[in-house]
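A.B. asks: Before I ask anything, here is the structure I am working with.
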Amino acid sequence: MLTKAGDLLTTLYGLQAADGFVEANPVAASIIDRAGLSGLVLTGLVGTVLVVLVVEWATNVCRRVGAGDGTVSFLYVGGYAPLVLVYSVAALHNATLVLTH
């Protein structure tokens, strides 16, 4: 997902290149403290892959049992839209902090 990559890249840039930047997300900060930035990258990758697998599995099950296109569309939107929104907001926030620092 491009929005996850944007969030991750702006986070990594801010933490490595900008003085005084800290991770504001307590979950991500905990991962960084325990596993470093590579742990953050790996966790983001695994989480994104899991969401894709679950959404694609669920939509395939719906198609097999004859669910309508509306149900499948609902699963796609409900599965992906929240992540796209959160990652987009995070990437824009990070980029704004980096550019105004």
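What follows is calculated from the coordinates using simple rules that are stated; it is not laboratory data. If you're wondering where the values come from, they're calculated on a predicted model, not measured in any experiment. Don't worry about glycine lacking a Cβ; one is built from the backbone with ideal geometry, like all the others, and counts go over all protein chains shown.
A.B. asks: When you look at LEU83, is it in contact with a helix residue (DSSP H, G or I) (Cβ under 8 Å, 6 or more places away or on another chain) and surrounded by 14 or more Cβ atoms within 10 Å (Cβ to Cβ), yes or no? Break it down into steps so the answer makes sense when it comes.
C.D. replies: Working: in contact with a helix residue (DSSP H, G or I) (Cβ under 8 Å, 6 or more places away or on another chain): yes; surrounded by 14 or more Cβ atoms within 10 Å (Cβ to Cβ): yes.
Considered against the rule, which asks whether it is in contact with a helix residue (DSSP H, G or I) (Cβ under 8 Å, 6 or more places away or on another chain) and surrounded by 14 or more Cβ atoms within 10 Å (Cβ to Cβ), LEU83 comes out as yes.
A.B. asks: Among (1) surrounded by 14 or more Cβ atoms within 10 Å (Cβ to Cβ); (2) among the acidic types (Asp, Glu); (3) in a helix (DSSP H, G or I), where does GLU23 come up short?
C.D. replies: Evaluating GLU23 over (1) surrounded by 14 or more Cβ atoms within 10 Å (Cβ to Cβ); (2) among the acidic types (Asp, Glu); (3) in a helix (DSSP H, G or I) leaves (3) as the failure.
A.B. asks: Being within 12 Å of the chain's Cα centre (by Cα) and of a type in the set (Gly, Ala, Ser) is the filter here; which residues of the range 1-21 pass it?
C.D. replies: Residues satisfying the conditions are ALA5, GLY6.
This table checks each residue for (1) among the β-branched types (Val, Ile, Thr); (2) touching a His at 6+ places or on another chain (Cβ under 6 Å).
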position: ALA18; (1), (2): no, yes
position: LEU53; (1), (2): no, no
position: GLU56; (1), (2): no, no
position: VAL77; (1), (2): yes, no
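A.B. asks: Any chance you could count how many residues in the range 62-101 are in contact (Cβ under 8 Å) with a residue 24 or more places away in the chain and either touching an Asp or Glu at 6+ places or on another chain (Cβ under 6 Å) or among the aromatic types (Phe, Trp, Tyr) (or both)?
C.D. replies: Looking only at that region, the number is 4.
A.B. asks: Restricting the range 65-78 to residues that are of a type outside the set (Phe, Trp, Tyr) and assigned to a helix (DSSP H, G or I), which is surrounded by the most Cβ atoms within 10 Å (Cβ to Cβ)? Steps first, please.
C.D. replies: Of the range 65-78, the ones of a type outside the set (Phe, Trp, Tyr) are 65-73, 75, 77-78.
Cutting the leftovers down to assigned to a helix (DSSP H, G or I) gives us 69-73, 75, 77-78.
Details: ASP69: 9, GLY70: 8, THR71: 15, VAL72: 16, SER73: 11, LEU75: 20, VAL77: 12, GLY78: 11.
Ranking the candidates gives LEU75 first.
A.B. asks: Please enumerate the residues belonging to the range 30-64 that are surrounded by fewer than 11 Cβ atoms within 10 Å (Cβ to Cβ), within 14 Å of the chain's Cα centre (by Cα) and farther than 14 Å from TYR80 by Cβ.
C.D. replies: Within the range 30-64, just VAL46 meets the criteria.
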